[in-house]
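J.: Sending over a structure as structure tokens; questions will come in a sec.
The values are calculated or read from the model by the stated rules, or taken from the named source; none is laboratory data. Keep in mind it's a predicted model, so treat the numbers as computed, not measured. FYI the Cβ positions are ideal-geometry reconstructions off the backbone, even for glycines, and counts take in every protein chain you see.
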Amino acid sequence: MRSGHDLSISTNFTPGAGIFLNEWFLLPLWSAAVLLALLSGVAPWPRRAFGGAFALLVASLGLPAYPHILTAHVNPDYRLQFFITLGVFALIIAILLAGSLRPWMRMACFIACAIASAVPLIGYFAVKPAVEALYRSPVGVGLGWWFTLAGVVLLLAPAGAKILRRFTPKRAVQSPVAADAGLH
């Protein structure tokens, strides 16, 4: 079994796997970091800072490993991964400084993170034949994929429910007596 991080590295060097960018395997990681920032962005400052630090820590897992990080900005194998991770850092900081985003912006971020988290599973099936040919044995979907997706869903569900409550129309509460009498 290969993890998403392993696939992001190995597909860079796997013949026939170039049809899917290796950075796409890190999308659930970056999405989880952005979702953590979105959830922390509405909290009071002490909790916002703690949640933001945790979001930055999660995002930092997308950086290339040592010693590749030392030259990642000029190395074509790691450049995109390096700069996307820096972009996620900037997005997290912007979310934390902005505090509460407009509901439509939050909803767009949540939808983008949900879609981004599902992309690697599609990519896995796209590169699976090349990886199986390299290992000369079948390769399955490990628990890590399902744990990652479950974690993103757990981050997405409460925030998505909160946003949907804002968009649902409020129903007027009527007393049963007024409703029976036709008084509105």
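J.: So which residues in segment 138-157 are surrounded by 12 or more Cβ atoms within 10 Å (Cβ to Cβ) and over 19 Å from Arg106 (Cα atoms), if there are any at all?
T.: Val139, Val141, Gly142, Gly144, Trp145, Thr148, Leu149
J.: Of the residues in segment 54-91, how many are surrounded by 13 or more Cβ atoms within 10 Å (Cβ to Cβ) and either of a type in the set (Lys, Arg) or assigned to a helix (DSSP H, G or I) (or both)?
T.: Count: 19.
J.: Only residues that are of a type in the set (A, V, I, L, M, F, W, C), closer than 30 Å to Ala55 by Cβ and outside any helix (DSSP H, G or I): list them for segment 113-150, please.
T.: Val141
J.: Do we find that Ser100 is closer than 30 Å to Phe167 by Cα, in contact (Cβ under 8 Å) with a residue 40 or more places away in the chain and part of a loop (DSSP other than H, G, I, E, B) in this structure?
T.: In short, yes.
J.: Would you say Pro158 is closer than 24 Å to Ala53 by Cβ, at pLDDT below 80 and not β-branched (Val, Ile, Thr)?
T.: The answer is yes for Pro158.
J.: Can Leu26 be described as at pLDDT below 90, within 24 Å of Leu149 (Cβ to Cβ) and assigned to a helix (DSSP H, G or I)?
T.: yes
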